[in-house]
Each structure stands twice: as structure tokens, then as C-alpha cells.
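All remarks here apply to the structure that follows.
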Amino acid sequence: MLKKGGLGKGMAALLPTIAQTGDKNYFICPIEQIRPNRNQPRKQFAAEKLDELAASIREKGIIQPLVVVKNGAFYEIIAGERRWRAAQKAGLLELPVVIRDTSEDSILELALIENIQREDLNAIEEAMAYKSLVEHLGISQEEVAKRVGKNRTSVTNSLRLLKLPEEIQNDVIEDRLSMGHARALLGLESEEEIHKARQEILRRMLSVRGAEQLVNRFKRGKHTVTKIARQPDLLMAAVEEQLQKQFQTRVAIRQTKSGKGTLEIHFSSAEELTRIIDLL
């Protein structure tokens, strides 16, 4: 029997069990007839995570059907693109699907809600999805907030991230900066100051609180960025970069004047911690 999973209100009704789908809407579909959602808000799919899911699918199969809509000769995914991608890696030739009749606007809304409830979107993808809802559905930020189960302030703050330079947005997408770092940078007016602050945040691996303090110093005009870094800083930066490439995650080296210090290796999940431990 298929499980409903941990989805919240809204998507649960879209993911019935096999026992509840005793009609033509549920069937096993050839994988080549399935297409990704053109309005999928999620753009980044970590290769390592897909490999892990593919391994699980090889062993246990697909536990939950994809939710799709009929589009010509193909079926377009409403929910389950990550499973579809992993299934291809696993070599599956067919997948369980549930067909839903819905409008294009509803597909966009449901795809967004599904990703938000699974916490699959990075901050920029989430902001872009909110923007799409506002523009395509012609609804207010307040109405968007109601539909996705967020407060209006959260939606507004998310949309503000799209005002940042593209370089900063890419930093968030690629996990070099967090949403907190990005929101701190919004406090600066000129792009030049934003880029200078961004460089120092990355160089010094500042926390969100540290980034906020840095931005406040810029705003008070009491901060200058050293044009030529000290030799030890260059050495530590090179070592950090090498370690980050090796572990594929953020690494920070913090050294005191006495020569002592700490090495920080960041991880975002138990699976990632296990991967790092294996590398060590």
C-alpha cells in the first residue's frame, strides 16, 4: 500500500493510496511518456541526493506515485519530478502515476505548494515561484501567502531577494550564502557596497550575525575593505577552497594570533554528515 507521506493540507488530497485509486486515473506509465513540469519552481537538483534516491529506488521501488496532468501525448508532472529523475538514474522503465485534471494556473500553484511543504526550494527558487504566482495568477502577495500557508511578511521578504544582483542570487542558489546573509546585504543601497560586503563575508566565512554587523559598519561609513590581504589570509583562503572542493560543502578555518584555531565543516543533513565522515 502506498503511503501519503508528510505533506500538509492541499497536497494530501492529490496523493491517494493505491487502494483509493481503483479507477482509470491510477496506472503504471512508461517513463518516456512522462515530462517535467514547465513551471516547476525547483531548478536545482543535487546530483548526490539524486544518486542516493536512485539507490533507494533500485532497492525498494517507487513508494509514492507521481501526480501528473495529461498534456497531449504525454503526462506532465505536478508532483514528483525528483522521483522521476532518480528513477531514470535507477534504470526504471515505468512509474506509477495518478492523473489529475487541472488548469495550468493550478499546476503552477500545486507544484509550488508541494515543493514548499517538502522544503525542497532554495530561497531564490521560492522567491521566483512567488513572483510567478503573482504575475501568472494576478493575485496579491497577501493572497499568495494564504495559498501557500505562509504569513505575508515571509512572502514579501522572500520577494525582496530578487532585488539583489544576480551574483548574490547565485551564491544563495549554490549555497555559498544563506537567506540570512542575503537579507543582510539588502540593507546596502549600492551594488558596489553589496559586492564588497559579499566578498568579505565569503572570505571570512561570516555568520549571519557577523554579516549584519558588517553591513551596519558599511552603512555608518566606518568600514574599509583591505585591498591587499595579508599572506596568512591568502594561505588560509587557498586551504579553505581546497577543502571545500574535497568535501563539497562549506569549510571555515578560524585562526587566532597565537596560531591556534578551529576547522569547521558544515553539513545540512544526517546523510551529508555520513558522507563527510566517510571521506574523513
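Computed from the coordinates by the stated procedures, all read-outs in this text should not be read as laboratory data. Just so you know, these numbers come straight off a predicted model, no measurement behind them. Glycine gets a Cβ as well: all are built from the backbone with ideal geometry, and neighbour counts include every protein chain shown.
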How much length, in nm to one decimal, is gained on full extension between A270 and F74, taken as 0.36 nm per residue of separation minus their Cα-Cα distance? 66.9 nm
Using modelled backbone amide H atoms (1.01 Å from N, in-plane), which distant-in-sequence or interchain residues come within less than 5 Å of N37's amide H? I77
Modelling each spin label as a point 7 Å along the Cα-to-Cβ direction, I'd like the Q213/E135 distance in nm, to one decimal. 3.9
Order of 199-211, 48-60 by packing, highest average Cβ count within 10 Å first? 199-211, 48-60
Magnitude of the charge dipole, segment 123-163, Cβ model with Lys/Arg +1 and Asp/Glu -1, debye to 20: 120
Quick one: which residues, 5+ away or cross-chain, put their amide H under 5 Å from the amide H of E94? H built at 1.01 Å from N. I31
Which of the residue pairs K60/K150; K49/K150; K89/K163; K70/K131 have a Cα-Cα distance greater than 30 Å in the structure shown? K60/K150; K89/K163
